[in-house]
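Computed from the coordinates by the stated procedures, all read-outs in this text should not be read as laboratory data. Keep in mind the model is a prediction, meaning the values are calculated, not measured. When we count neighbours, we look across all protein chains shown, and the Cβ atoms used for this are built from the backbone with ideal geometry, even at glycine.
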């Protein structure tokens, strides 16, 4: 039996969102189109996974949370696929901030569920 702590799905997704936000921010700082394309692709994959979870009828999400995740994933997909590496700094800021806010919310929810 492993002594490593287990990580819940919300905690894992929170970590993925935070890492995606950092990759986006670092790519912007470096002004590297290849790095930005990779970061945008990674972020899109994270949001595709969240959308998949939100679409599962048995997922333990409120209707409000489910709807918000679906709308946000649509926003991320549209913003990424329509502009690619030509994404504006304002939209990039929005993607980064959304990731960090949702990550924080997922961690808070995980703590409440664990009784912490």
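Between the alpha-carbon centers of the range 67-105 and the range 22-36, tell me the distance in whole angstrom.
Taking the Cα centre of each part, the range 67-105 and the range 22-36 sit 15 Å apart.
Which order results if 71, 51 are arranged by neighbouring Cβ count within 10 Å, fewest first?
Taking fewest neighbouring Cβ atoms as first place, the list is 71, 51.
Can you give the angle from 0 to 90° between the axis of helix 89-114 and the longest principal axis of the chain, with both taken from C-alpha atoms, to the nearest 10?
Around 10 degrees separate the two axes.
Between the helical axis of 63-83 and the dominant principal axis of the chain, each derived from Cα atoms, what acute angle in degrees is found, rounded to the nearest 10?
Orientation of helix 63-83: about 20 degrees from the principal axis.
In what sequence do 93, 25 fall when counting other Cβ within 10 Å, fewest first?
Result, fewest neighbours first: 93, 25.
Using only Cα atoms, tell me the angle between helix 9-30 and the longest principal axis of the chain; keep it within 0 to 90° and round to the nearest 10.
It is inclined by approximately 20 degrees.
Just want the ordering: 17, 9, from fewest to most Cβ atoms lying within 10 Å of their own Cβ.
9, 17
At 222 nm, what value in deg cm²/dmol follows for the chain if DSSP H runs of at least 4 each add -39500 (n - 2.57) and the sum is divided by all its residues, to the nearest 500?
-27500 deg cm²/dmol
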